[in-house]
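One structure is given below, encoded as structure tokens.
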Amino acid sequence: MTERVHHSLLVIDTHVDIPWPNGADFLTDGPRCVDLPKLRRGGVGAVCFAAYVPQGKRDASGDAEARARALGMLDTIAHMGAEEGTVLARDADAIEQAHLAGRIAVIPAVENGTALGGDLASLDDFAARGVRYMTLTHNGHNALADSAIPRRDLGDAEAEHGGLSALGRAAIGRMNDLGILADVSHAAKSTMMQAAVLSRTPIVATHSCARALCDHPRNLDDEQLIALRDTGGVIQITMVSAFLKPGAKPSDVGVFTVADHVDYVAERIGIDHVGIGTDFDGGGGVDGYMHAGQTPALTAELVSRGYDGAALGKIWGGNFLRVLRAAEAARK
């Protein structure tokens with residue numbers, strides 16, 4: 001029964017790291033959490049694959065390296081979306097059409113605004129490659145904004161910009177123009193709250209959890225959840241064990257803990273503002289849900305808690321499609 005319900009849904013995982021530098025790893029059922037065979041077994045219809053750029057030195061050489069890496073990874077994502085049975089999905093309609101055709105939608109994203117190399121024109125390059133969201137920061141402050149987790153080894157102070165820098169504010173404006181969602185995962189609270197006020201479109205947290213249940217700087221507290229809701233945005237609960245339960249290892253938590261965070265967000269700000277972003281192949285995974293092939297386990301847990309088909313449809317994809325469409329409608 002639950003298996004049938006699960007496979008009737010358009011399941012969208014909003015944050016997965018890509019196989020890098022070898023995109024061919026996507027095709028075979030190997031050691032990675034996410035590949036084509038596992039996606040098919042797990043009934044996952046669409047994935048946001050992130051071009052992840054680690055925070056490095058903020059100088060001309062570091063900027064050039066970050067931008068080149070992001071563009072190279074986006075090229076790899078494009079190839080992943082050109083395989084038999086996949087499609088590179090540049091908008092919400094394409095995601096739904098791929099699902100109806102039985103194909104897996106590959107959705108490009110960028111993790112860490114340092115990928116811009118300090119140049120807002122990079123956003124136009126990203127948009128041309130189909131990028132649908134960009135996280136403003138990763139671990140460590142960058143030229144755009146303060147991060148939730150400063151990098152002391154890079155000389156970060158507790159706060160550098162007091163939230164968004166002038167460049168960061170300009171970046172959000174340009175992202176709005178291009179239909180690229182601002183992702184506040186990894187951002188400092190000051191950054192996130194300012195982005196919520198500034199953005200003309202919904203903001204998203206594609207892989208975060210509720211701070212009320214796990215007091216970690218990467219999670220969103222109640223004030224942040226309300227601010228996100230008021231933009232029309234979505235928080236996608238992630239599988240990183242330490243974000244689900246303080247100090248937890250993957251074996252310490254399971255789909256029940258993930259569902260606890262879904263419950264909390266749904267009760268606090270509404271079912272229209274919660275989803276799932278596993279962060280598979282980037283540290284995500286819990287007992288019983290360690291790879292994409294095990295995705296039905298989370299659906300089964302949510303069904304056991306009384307979530308019906310309509311609610312599951314919102315959690316697994318409908319809410320994210322809604323914010324994508326809002327960004328598309330605001331595009332200039």
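The values are calculated or read from the model by the stated rules, or taken from the named source; none is laboratory data. Only a predicted model underlies this, so the values are computations on that prediction, with no experimental measurement involved. Positions of Cβ are backbone-derived with ideal geometry, glycine not excepted, and every protein chain shown enters the neighbour counts.
Of note:
- Which numbered condition Ala297 misses (of (1) in a helix (DSSP H, G or I); (2) touching a strand residue (DSSP E or B) at 6+ places or on another chain (Cβ under 9 Å); (3) farther than 16 Å from Val44 by Cβ): (3)
Quick grid of which residues meet (1) at pLDDT 95 or above; (2) assigned to a helix (DSSP H, G or I); (3) in contact with a helix residue (DSSP H, G or I) (Cβ under 7 Å, 6 or more places away or on another chain):
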{"residue": "Gln224", "(1), (2), (3)": "yes, yes, yes"}
{"residue": "Ala242", "(1), (2), (3)": "yes, yes, no"}
{"residue": "Glu267", "(1), (2), (3)": "yes, yes, no"}
{"residue": "Asp272", "(1), (2), (3)": "yes, yes, yes"}
{"residue": "Gly283", "(1), (2), (3)": "yes, no, no"}
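- Per-region count, the range 153-168, residues surrounded by fewer than 17 Cβ atoms within 10 Å (Cβ to Cβ) and either out of contact with any strand residue (DSSP E or B) (no Cβ under 9 Å at 6 or more places or on another chain) or in contact (Cβ under 8 Å) with a residue 12 or more places away in the chain (or both): 7
- Candidate set: the range 139-178, residues that are assigned to a loop (DSSP other than H, G, I, E, B) and under 18 Å from the mean Cα position of the chain (by Cα); chosen: the one nearest to Asp59 (Cα to Cα): Asn139
- Residue check: Gly288 meets all listed conditions (1) farther than 30 Å from Thr201 by Cα; (2) out of contact with any Gly (no Cβ under 6 Å at 6 or more places or on another chain) but one, namely (2).
- Matching residues in the range 228-251 - criterion: being hydrophobic (A, V, I, L, M, F, W, C), crowded, with 22+ Cβ neighbours inside 10 Å and without any contact (Cβ under 8 Å) to a residue 60 or more places away in the chain: Leu228, Ile235, Ile237, Met239, Val240, Phe243, Leu244
- Residue in the range 257-265 that is in a helix (DSSP H, G or I), of a type in the set (Phe, Trp, Tyr) and touching a Leu at 6+ places or on another chain (Cβ under 9 Å) present: yes
- Residue in the range 12-28 that is farthest from the chain's Cα centre (by Cα), counting only those that are of a type in the set (D, E, K, R) and part of a strand (DSSP E or B): Asp17
Here is a yes/no grid of residues against (1) in contact with a Ser or Thr (Cβ under 9 Å, 6 or more places away or on another chain); (2) surrounded by fewer than 23 Cβ atoms within 10 Å (Cβ to Cβ); (3) part of a helix (DSSP H, G or I):
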| residue | (1), (2), (3) |
| --- | --- |
| Leu10 | no, yes, no |
| Gly30 | no, yes, no |
| Ala50 | yes, no, no |
| Glu84 | no, yes, no |
| Asp93 | no, yes, yes |
| Ala98 | yes, no, yes |
| Gly102 | no, yes, no |
